[in-house]
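Engineer: Handing you a structure now.
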Amino acid sequence: MSTVLIYSFAGIALVCIGLLGLLASSHVLRKILAVNVMGSGVFMMLIALAARAQPPDPVPHAMVLTGIVVAVSASALALALLRRMRREEGSALLPEDRRE
Amino acid sequence: MPTSLPAFDALLALLLVWLAGRLLVTRDLFKAVVLFMVFGLMLALAWVRLAAPDVALAEAAIGAGLTGALLLDTVFRLRGEAEPPPPRPSAGLIACAMLAAALGAMLVWSMLALPDDWFGLTREVAAAMPDSGVTNPVTAALLNFRGYDTLLEIAVLLLAVLGVWTLNAEPPPAVPAAGPVLEALLRILLPLLVVAAGYLLWAGAHAPGGAFQGAALLAAGGVLLHLARPFSFGTGWPVRLALTAGFAVFLIVALLLVLVGGGFLAYPPKHAGTWILAIEAAAMLSIALILVALFVGSARHTDRGRADAGAHDPPA
């Protein structure tokens, strides 16, 4: 199996694992981790597809570079929201997941 | 493409998938975050294997380093609440798993359905390279061919800072014991990081590197400095100007180019290299400051946080 195929399938697996983690976990921090895993899977599919050409296609590289920086800022915002929610409501779980 | 090492690639791909699975099911959130940082580093290795050194540089500094620091900081502040046990296999969970599996099957199908002679935009980029003003195709795509994207991306970063400032979320930062090791390390590391960032900015024109990678290094230095000697830049005008300088320079250059008749972000081929370097220099400093601001937050909450830290600490 070629390098491109190996990493393409790994990317797909990461997207699926991330999606399942996002839907199934109840702690918001873990949901943020899951979204990041999902994003990494998308990045991996893009970079693997770019590597089909010789030399690799630079446009997906540029898009993923942009994506990494946007992902960290989105995560920072999500974490700030999470901390605010925890300060206001005393829980890091979404309301429907809280049990007394 | 680097040398063919199928066994190594297969092992790395399996490791990545395993790490992702572990970090989502492990009970301990601290452990999950540490696994996520390992995942980021392994991802950087995968980018090197896929001949994407520009992406690898950014991933190692941002994906593993900075995101990890942000997550660890939050884990530390959230201590005291136990995570509920993972859901038992229920109808809902099985539906979620089937949804994820269906998505995976669709992606596999679309990946296999691509024609063998599909090479993306490689040829178009190669044809346009002589007019781009740089010789690193990734920098050409970022700052020239798709400059619009990068301009708007910097705007997105500014929005995130506004959000973090508005949420005003932190309790007072826990002052870590700034031991002699961290201080001594910083004395050597900070000048090195600044030099390396400058080098990456300059090298980005012809080799892996550029504004984002340089900014990531500078931001890492800023975060380390904050850990050793907590600071806050507040929300005053000088800070706002510095945060927006990258976006402003980018936009002004774009509008100037419209005025001289080139079109929005259409550089004249002869001077494209100079314009790109000017934009990148401003963008690097602003992005670095933005990333540090995302970590440090604003000054207001520090004062307010101190005042009502006791009132808002949830019962452990």
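The values are calculated or read from the model by the stated rules, or taken from the named source; none is laboratory data. Quick caveat, the model's predicted, so the values are computed rather than measured. A quick note on method: Cβ atoms are made from the backbone with ideal geometry, for glycine too, and the neighbour counts reach across all protein chains shown. The accessibility values were calculated without ligands, DNA or RNA, using every heavy atom of the protein model including side chains. Shrake-Rupley method; radii C 1.70, N 1.55, O 1.52, S 1.80 Å.
Engineer: Go through B:Asp131, A:Asp57 and list them by solvent-accessible area, largest first, probe radius 1.4 Å.
Structural biologist: Result of the area sort, largest leading: B:Asp131, A:Asp57.
Engineer: Let me ask something else. Under the definition of Cα pairs under 8 Å and six or more residues apart, what whole-number percent is the relative contact order of chain B?
Structural biologist: On the way: 323 pairs, mean separation 63.3, N = 316.
That works out to 20 percent.
Engineer: May I pose another question? Lys and Arg at +1, Asp and Glu at -1: add these up for the other residues within a Cβ distance under 12 Å of B:Ala44 and post the number.
Structural biologist: Combined, the nearby Lys, Arg, Asp and Glu give -1.
Engineer: Chain pair A, B: how much accessible area is buried, both chains summed, with a 1.4 Å probe, in Å² to 100? Don't skip to the end; give the middle numbers.
Structural biologist: Details: alone 7150 and 19070 Å², together 18840 Å².
Buried area (both sides, nearest 100 Å²): 7400 Å².
Engineer: Could you check how much of the accessible area of segment A:3-97 is carbon and sulfur, as a whole percent, using a 1.4 Å probe?
Structural biologist: 72
Engineer: Could I have the simple spin-label model distance between B:Ala128 and B:Ile94, label points 7 Å from Cα toward Cβ, reported in nm to one decimal?
Structural biologist: 5.1
Engineer: Taking the solvent-accessible surface of protein heavy atoms with a 1.4 Å probe, what is the per residue accessible area of segment A:3-97 in Å²? Let's see the in-between values first.
Structural biologist: On the way: 2670 Å² over 95 residues.
Result: 28 Å² per residue.
Engineer: Restrict the search to segment B:30-133; then list the trypsin sites (Lys or Arg not before Pro) that DSSP places in a loop and that have at most 11 other Cβ atoms within 10 Å of their Cβ.
Structural biologist: Counting only loop positions with at most 11 other Cβ atoms within 10 Å, the trypsin sites (Lys or Arg not before Pro) in segment B:30-133 are B:Arg79.
Engineer: Taking only complete DSSP H runs, can you tell me which helices of chain B stretch 24 Å or more along their own long axis by Cα positions and average at least -0.5 on the Kyte-Doolittle scale?
Structural biologist: For chain B, where a helix must reach 24 Å along its axis and average at least -0.5, the hits are B:6-25, B:29-49, B:91-112, B:147-167, B:180-203, B:211-228, B:237-259, B:272-296.
Engineer: If you filter segment B:83-158 for chymotrypsin sites (Phe, Trp or Tyr not before Pro), then keep DSSP loop positions with at most 16 other Cβ within 10 Å, what is left?
Structural biologist: Hits after loop and neighbour filter: B:Trp118, B:Phe119.
Engineer: Size of the dipole of the protein assembly as shown about the Cα centre, Lys and Arg at +1 and Asp and Glu at -1 on the beta carbon, nothing else charged, in debye to 20?
Structural biologist: Magnitude of the dipole: close to 640 debye.
Engineer: Moving on to the next point. So what's the net charge close to B:Glu153: Lys and Arg +1, Asp and Glu -1, counting the other residues with Cβ under 14 Å from its Cβ? Present the calculation step by step, with values, prior to reporting the outcome.
Structural biologist: Numbers: positive: B:Arg146; negative: B:Asp149, B:Glu280.
Neighbour charge sum, excluding B:Glu153 itself: -1.
Engineer: Sticking with this structure for a sec: In Å², what does the accessible area per residue of segment B:1-92 work out to with a 1.4 Å probe?
Structural biologist: Ligands and nucleic acids excluded, the figure is 46 Å² per residue.
Engineer: Additional query: With Cβ to Cβ distances under 10 Å as the rule, what net charge do the other residues near A:Thr66 carry (K, R +1; D, E -1)?
Structural biologist: Numbers: positive: B:Arg146; negative: B:Asp149, B:Glu153.
Taking every other residue near A:Thr66 into account, the sum is -1.
Engineer: Relative contact order of segment A:3-97, please, whole-number percent, based on alpha carbon pairs below 8 angstrom and at least 6 residues apart.
Structural biologist: In percent, rounded to a whole number, it is 31.
Engineer: A further question on this structure: Compute the distance in nm between two label points, each set 7 Å from the Cα along the Cα-to-Cβ direction, one at B:Leu15 and one at A:Glu89.
Structural biologist: Computed distance between label sites B:Leu15 and A:Glu89 equals 3.9 nm.
Engineer: Can you give me the accessible area per residue for segment B:158-267, using a 1.4 Å probe, in Å²?
Structural biologist: Heavy-atom SASA per residue in segment B:158-267 reads 49 Å².
Engineer: What is the spin-label model distance, in nm, from B:Phe119 to B:Ala245 if the labels are put 7 Å beyond Cα along the C-beta direction?
Structural biologist: Roughly 4.2 nm, to one decimal.
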